[in-house]
Amino acid sequence: MITRTGLDVLAAEGCSTLIGPAIGLIANHTAVTADRRHIVDVLHEAGANLRALFGPEHGIRGELDEVLRVTSSTDPATGLPVHSLYSSVQRPTLEMLEGIEMLVFDIADVGVRFYTYTTTMVYCMEEAARAGIGFVVLDRPNPITGSRVEGPVLDPAFRKLSAYHPVPTRHGLTAGELALLANSEYGIGCELEVVPCEGWRREMWFDETGLPWVNPSPNLRNLTQATLYPAIGGFEASEVSVGRGTDSPFELFGAPFMDGGQVAARLNALEEMHLRFVPIEFTPRSSRFAEQRCSGCFVFTTERERLRPVEANVRIACELAALYPEEFDMRRSEWLVGGLPVAEAIQAGAPADEVIAGWQAALEEYMQRRERCLLY
């Protein structure tokens, strides 16, 4: 049985629950049905009263990379106003919400804490609560499964748009479940409805759903990259290229100061990584180290069912800190890894197993909180 997203479930019912109220739609290019119809077209055909579109990072069409701020505009296909929420304004204003009776959110998430879309979702939930309007999340599968949870819980002191939720790095929730958790735990209290997926089980990977892959953002182009994202993306701020500006983002990493052969040898000698590292040289066309020759590793997943990417991130970072203590500083990535303790322990040379053990108590407490919002 093919998985049906919240949008597919809604479309099969003629979008009846959304007919009538004036709707503000928070969506991007990932908001498509199984036959690739965009939500704007689905709602128009059903006779929904769409009033405005709200665009997250990368814009409504998902074509703008992370270095850009997205400007407000008009959607050429519908003539609807498009309000950017990735600019100096990151949440809907009362003026933007004027005349709107319901906000609808449909954006694919990647299952990792450091990603902006679910922060935008929560900001919109907070503004919906203030304006006294309803909020609907059309749920989608977690592409890297909803059954595997790992990593340190974010210290709220390091909250920002790109890493907001006090959850582990790989949180094991769908966007709808994360909305339920946020609505309760952050004291938002908005009038929230989640339209769940059908036919999705927590242990399913995206390629087991039968749904079409749509790049959630420009640098996540396939499920392999999404699987490796929590392993490679976690040290991106520490003077390392993670492949942005190449054809294989998050499948490789490196820097001008690295010796890829030496790094690969040390990492391949580690046990239970379920990754293989191949020396590589590359020159990013853009982003970090643009037009500079980098040496590093191409990364292969050998067994995704046993891979623990957040733990792998720590093991890789520990080796890089030992090899390049002057150039590589994990403390620059403190907001990615959840706070100072993890970053400082890595930089101080603590064994990887000790760093990983340090987050287990908070992770166990999160697993108890998580139970209350599970839909599947």
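The values are calculated or read from the model by the stated rules, or taken from the named source; none is laboratory data. The structure displayed is predicted, hence computed values, not measured ones. As a convention, Cβ positions derive from the backbone with ideal geometry for all residues, glycine included, and neighbour counts pool all protein chains shown.
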**Prompt:** in the same structural domain as residue 103 (by TED's automatic domain parsing) and touching a strand residue (DSSP E or B) at 6+ places or on another chain (Cβ under 6 Å), is that true of residue 185?
**Reply:** no
**Complete:** The correct count of residues that are hydrophobic (A, V, I, L, M, F, W, C) and free of Cβ contacts under 8 Å to residues at least 24 places away in the same chain in region 170-205 is 0
**Prompt:** Among the candidates 201, 244, which residue alone is touching a Ser or Thr at 6+ places or on another chain (Cβ under 7 Å) and either assigned by TED's automatic domain parsing to the domain that holds residue 152 or modelled with pLDDT of 95 or more (or both)?
**Reply:** 244
**Message:** Can you list the strands (runs of 3 or more DSSP E) lying wholly within region 73-164 that have 2 or more residues being in contact with a Ser or Thr (Cβ under 7 Å, 6 or more places away or on another chain)?
**Reply:** 81-84
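Does region 223-235 contain at least one residue that is in a loop (DSSP other than H, G, I, E, B) and either closer than 30 Å to residue 344 by Cα or without any contact (Cβ under 8 Å) to a residue 12 or more places away in the chain (or both)? Lay out the reasoning, then the answer.
Taking region 223-235 first, the residues in a loop (DSSP other than H, G, I, E, B) are none.
Looking through region 223-235, none of the residues is in a loop (DSSP other than H, G, I, E, B) and either closer than 30 Å to residue 344 by Cα or without any contact (Cβ under 8 Å) to a residue 12 or more places away in the chain (or both).
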**Prompt:** Is there a residue being surrounded by fewer than 23 Cβ atoms within 10 Å (Cβ to Cβ), over 24 Å from residue 58 (Cβ atoms), touching a strand residue (DSSP E or B) at 6+ places or on another chain (Cβ under 6 Å) and among the charged types (D, E, K, R) anywhere in region 199-220?
**Reply:** no
**Message:** Can you say whether residue 264 is within 22 Å of the chain's Cα centre (by Cα) and within 22 Å of residue 351 (Cα to Cα), as far as the supplied structure shows?
**Reply:** no
**Request:** Name every residue in region 243-267 that is assigned to a loop (DSSP other than H, G, I, E, B), in contact (Cβ under 8 Å) with a residue 40 or more places away in the chain and of a type in the set (A, V, I, L, M, F, W, C), in order of residue number.
**Result:** 257, 258
**Request:** Specify the residue that is nearest to residue 229 (Cα to Cα); the eligible residues are those in region 170-184 that are assigned to a loop (DSSP other than H, G, I, E, B) and touching a Leu at 6+ places or on another chain (Cβ under 8 Å).
**Result:** 171
